[in-house]
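Accompanying notes for the structure given below.
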Amino acid sequence: MNPLSRRGLLGATAAGTVAAAAAKAQAQSFGNPDLPPQGAINATNPQSIVDPGPQNPALASQFPSATSPPATDVGGMQMPWSSFNNAPRRIQNGGWARQVTQADFAISEEISGVDMRLTAGGIREMHWHLAAEWGYMSYGNCRVTVLDEQGRAYVSDVKEGDIWYFPSGLPHSLQGLGPSGCEFILCFDDGKASEFNTLLLTDWVAHTPPEILALNFGVPADAFSKIPLHNLWIFQGQLPGSLEAARAAATGAAGAPPYPFTFSLGSMKPVRQTKGGEVRIADSNNFNVSKTIAAAQVIVHPGGMRELHWHPNADEWQYWIKGKGRMGVFNTGPGAVTMDFNPGDIGYVKRSHGHYILNTGDTDLMFLEVFRSSYFADVSLSDWLTHTPPEMVAQTLNVDPAVIAKFPNNKPEIMPE
Ligand code: MN
Ligand code: MN
């Protein structure tokens, strides 16, 4: 238990020589403002805490904050946790994908997520779709191709930590490269969008009369006698040649697009770095094409915390990459829920709901914050409280102005500063 948490302070109080009644009174006024008091700290009958019914200890052990919520949790909040770890995988020769859409995760209205693996040479079939697509490479190497509406071809290779953005409707393909293919996350800017419902090249060609294909492409109809009659979606292909050769072959008279459709998020200089961690941000300010998705890659060192904050412009969809952590979310009501996350998990916070993320492990925690917006924006609680007249804050919270003067006043993003 973090010794600085209120629960920790309460626990220490209860474990000391202070009378139980006094501890209870303090719990009600300090650690648990709502009646009746909640949390294990307030359960004087130990039988209140045990779980005698059916259990799955392996699963329960992953969720200490759900099993024993802080006494400050209250109300009924929507589930902020989901995961790719137990999402069914659609496996084909060449790779697989699994997804978590709003159909599976009710709160995720603005973003749906896909986790995809392509072997070396494995191809995600040429396709397009209604939603815009944002990708993050979590492993290996991949070649992406996309054509814009002015006929300008883009071909690029991406590595771990790189991202791409394909605007709504633009056709694209993905292929795993050597030595061992790739894995990546896709975010669609629509919680209902599905990876298994995209417009596939093979489907269209197979469902167009051969004489129409002949007229369209200016070749004899029998040129299409061997086309696949069923779509491929993911299939094993041959490793492609050099990037230079691929670019030269794809680029026509229209030339290359003015802005790249890929960006190196993981290897850019942090926009904020403190003792507690690092933040990297890619939105339309530095990744020009990304008009509907903004994202931050956050690293929180052991003992550090992504500070209490909220986002005024969009819901936050999270992908947890490394390490482990705990998120607390606050809403009007009041409502407060605390949940634990591990690699491969997905978090979701509604627009303007307050939240923090604590590194609960002994290694660096890394996660993504993804927003359906052209720009990243957040409001820091400590920034607000230090840039409001101190008398206002002091009277509201009944905290001495001298204490408020010690709060961070330069929006640390990750604590400690
Ligand atoms: Mn796509
Ligand atoms: Mn956030």
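The values are calculated or read from the model by the stated rules, or taken from the named source; none is laboratory data. What you are looking at is a predicted structure, and each value in this text was computed from that prediction instead of being measured. Don't worry about glycine lacking a Cβ; one is built from the backbone with ideal geometry, like all the others, and counts go over all protein chains shown.
Does segment 124-131 include one or more residues that are within 19 Å of the chain's Cα centre (by Cα) and either of a type in the set (Lys, Arg) or away from ligand 2 (no atom under 16 Å from the Cβ) (or both)?
Step one: filter segment 124-131 for residues within 19 Å of the chain's Cα centre (by Cα), giving 131.
Then drop every residue that is not either of a type in the set (Lys, Arg) or away from ligand 2 (no atom under 16 Å from the Cβ) (or both), which leaves 131.
Yes: segment 124-131 contains one or more residues that are within 19 Å of the chain's Cα centre (by Cα) and either of a type in the set (Lys, Arg) or away from ligand 2 (no atom under 16 Å from the Cβ) (or both).
Could you identify the single residue in GLY140, GLY113, GLY135 that is closer than 22 Å to MET366 by Cα, within 21 Å of the chain's Cα centre (by Cα), more than 16 Å from ligand 1 (Cβ to nearest atom) and in the same structural domain as PRO179 (by TED's automatic domain parsing)? If you could, list the steps in order and put the result at the bottom.
Numbers: GLY113 fails: more than 16 Å from ligand 1 (Cβ to nearest atom); GLY135 fails: more than 16 Å from ligand 1 (Cβ to nearest atom).
Of GLY140, GLY113, GLY135, the one residue that is closer than 22 Å to MET366 by Cα, within 21 Å of the chain's Cα centre (by Cα), more than 16 Å from ligand 1 (Cβ to nearest atom) and in the same structural domain as PRO179 (by TED's automatic domain parsing) is GLY140.
Sort out which residues of segment 281-300 are within 14 Å of the chain's Cα centre (by Cα) and not in a loop (DSSP other than H, G, I, E, B), and write them in order of number. Break it down stepwise before answering.
Narrowing segment 281-300 to residues within 14 Å of the chain's Cα centre (by Cα): 281-282, 293-299.
The answer is ILE281, ALA282, ALA294, ALA295, ALA296, GLN297, VAL298, ILE299.
When you go through ALA250, ALA254 one by one, which is the residue that is over 26 Å from PHE84 (Cα atoms), in contact with a Leu (Cβ under 9 Å, 6 or more places away or on another chain) and not assigned by TED's automatic domain parsing to the domain that holds GLY354? I'd like the intermediate steps shown before the answer.
Numbers: ALA254 fails: in contact with a Leu (Cβ under 9 Å, 6 or more places away or on another chain).
ALA250 is the lone residue from the list that is over 26 Å from PHE84 (Cα atoms), in contact with a Leu (Cβ under 9 Å, 6 or more places away or on another chain) and not assigned by TED's automatic domain parsing to the domain that holds GLY354.
Can you name the condition, by its number, that GLU244 falls short on among (1) surrounded by 15 or more Cβ atoms within 10 Å (Cβ to Cβ); (2) of a type in the set (Asp, Glu); (3) assigned by TED's automatic domain parsing to the domain that holds SER138?
With respect to (1) surrounded by 15 or more Cβ atoms within 10 Å (Cβ to Cβ); (2) of a type in the set (Asp, Glu); (3) assigned by TED's automatic domain parsing to the domain that holds SER138, GLU244 is out only on (1).
Condition first: in contact with a Phe, Trp or Tyr (Cβ under 9 Å, 6 or more places away or on another chain) and part of a loop (DSSP other than H, G, I, E, B). Now tell me which residues in segment 229-250 satisfy that. Write out each step before concluding.
Step one: of segment 229-250, the residues in contact with a Phe, Trp or Tyr (Cβ under 9 Å, 6 or more places away or on another chain) are 233-234, 247, 250.
Across segment 229-250, the qualifying residue is only TRP233.
Specify the residue that is nearest to THR363 (Cα to Cα); the eligible residues are those in segment 284-309 that are touching a Ser or Thr at 6+ places or on another chain (Cβ under 6 Å) and surrounded by fewer than 22 Cβ atoms within 10 Å (Cβ to Cβ).
The selected residue is HIS309.
Please work out if PRO240 is in contact with a helix residue (DSSP H, G or I) (Cβ under 9 Å, 6 or more places away or on another chain), away from ligand 2 (no atom under 16 Å from the Cβ) and over 26 Å from THR262 (Cβ atoms).
Details: in contact with a helix residue (DSSP H, G or I) (Cβ under 9 Å, 6 or more places away or on another chain): yes; away from ligand 2 (no atom under 16 Å from the Cβ): yes; over 26 Å from THR262 (Cβ atoms): no.
It is false that PRO240 is in contact with a helix residue (DSSP H, G or I) (Cβ under 9 Å, 6 or more places away or on another chain), away from ligand 2 (no atom under 16 Å from the Cβ) and over 26 Å from THR262 (Cβ atoms).
Checking the condition under 16 Å from the mean Cα position of the chain (by Cα), within 30 Å of GLN102 (Cβ to Cβ), hydroxyl-bearing (Ser, Thr, Tyr) and within 11 Å of ligand 2 (Cβ to nearest atom), which residue from TYR375, TYR319, TYR356 passes?
Numbers: TYR375 fails: within 11 Å of ligand 2 (Cβ to nearest atom); TYR319 fails: within 11 Å of ligand 2 (Cβ to nearest atom).
Among TYR375, TYR319, TYR356, only TYR356 is under 16 Å from the mean Cα position of the chain (by Cα), within 30 Å of GLN102 (Cβ to Cβ), hydroxyl-bearing (Ser, Thr, Tyr) and within 11 Å of ligand 2 (Cβ to nearest atom).
Taking only segment 184-205 into account, find how many residues are within 21 Å of PRO260 (Cα to Cα) and either touching a strand residue (DSSP E or B) at 6+ places or on another chain (Cβ under 6 Å) or modelled with pLDDT under 95 (or both). Please lay out each step first, then the result.
Residues of segment 184-205 within 21 Å of PRO260 (Cα to Cα): 184-189.
The next check asks that each one be either touching a strand residue (DSSP E or B) at 6+ places or on another chain (Cβ under 6 Å) or modelled with pLDDT under 95 (or both); those that pass are 184-188.
Looking only at that region, the number is 5.
What do you reckon, is ARG89 more than 16 Å from ligand 1 (Cβ to nearest atom), of a type in the set (D, E, K, R) and over 20 Å from TYR348 (Cα atoms)?
Working: more than 16 Å from ligand 1 (Cβ to nearest atom): yes; of a type in the set (D, E, K, R): yes; over 20 Å from TYR348 (Cα atoms): yes.
Yes: the conditions hold for ARG89.
From the list GLY277, GLY303, which residue is in the same structural domain as ASN409 (by TED's automatic domain parsing), within 15 Å of ligand 2 (Cβ to nearest atom) and at positive phi? Explain how you work it out, then say what you get.
Numbers: GLY303 fails: within 15 Å of ligand 2 (Cβ to nearest atom).
Result of the check over GLY277, GLY303: GLY277.
Scanning segment 232-270 for residues that are of a type in the set (S, T, N, Q) and within 30 Å of the chain's Cα centre (by Cα), which turns out nearest to ARG89 (Cα to Cα)? Don't jump to the end; show me each part of the working.
Initially, segment 232-270 is screened for residues of a type in the set (S, T, N, Q), giving 236, 238, 242, 251, 262, 264, 267.
Filter again for within 30 Å of the chain's Cα centre (by Cα), leaving 236, 262, 264, 267.
Values: GLN236: 17, THR262: 26, SER264: 28, SER267: 30 Å.
My answer is GLN236.
Going through segment 266-280 one residue at a time, which ones are in contact (Cβ under 8 Å) with a residue 40 or more places away in the chain, in a loop (DSSP other than H, G, I, E, B) and not polar (S, T, N, Q)?
To start, the set of residues in segment 266-280 that are in contact (Cβ under 8 Å) with a residue 40 or more places away in the chain comprises 266-267, 272, 274-279.
So of that shortlist, the ones also in a loop (DSSP other than H, G, I, E, B) come out as 266-267, 275-276.
Within segment 266-280, GLY266, LYS275, GLY276 meet the criteria.
Output the qualifying pairs, or none if there are none: Cβ atoms under 6 angstrom, residues six or more apart or on different chains, first residue in segment 204-224 and under 20 Å from HIS127 (Cβ atoms), second residue exposed (fewer than 11 other Cβ atoms within 10 Å of the Cβ).
As it stands, the answer is ALA206/LEU229, since those pairs meet every condition given.
Considering only segment 379-395, how many residues are free of Cβ contacts under 8 Å to residues at least 12 places away in the same chain and within 22 Å of MET415 (Cβ to Cβ)?
Counting residues in segment 379-395 that are free of Cβ contacts under 8 Å to residues at least 12 places away in the same chain and within 22 Å of MET415 (Cβ to Cβ) gives 4.
Tell me yes or no: at least one residue of segment 360-372 is at pLDDT 95 or above, under 18 Å from PHE105 (Cβ atoms), away from ligand 1 (no atom under 16 Å from the Cβ) and touching a Pro at 6+ places or on another chain (Cβ under 7 Å).
No, segment 360-372 contains no residue that is at pLDDT 95 or above, under 18 Å from PHE105 (Cβ atoms), away from ligand 1 (no atom under 16 Å from the Cβ) and touching a Pro at 6+ places or on another chain (Cβ under 7 Å).
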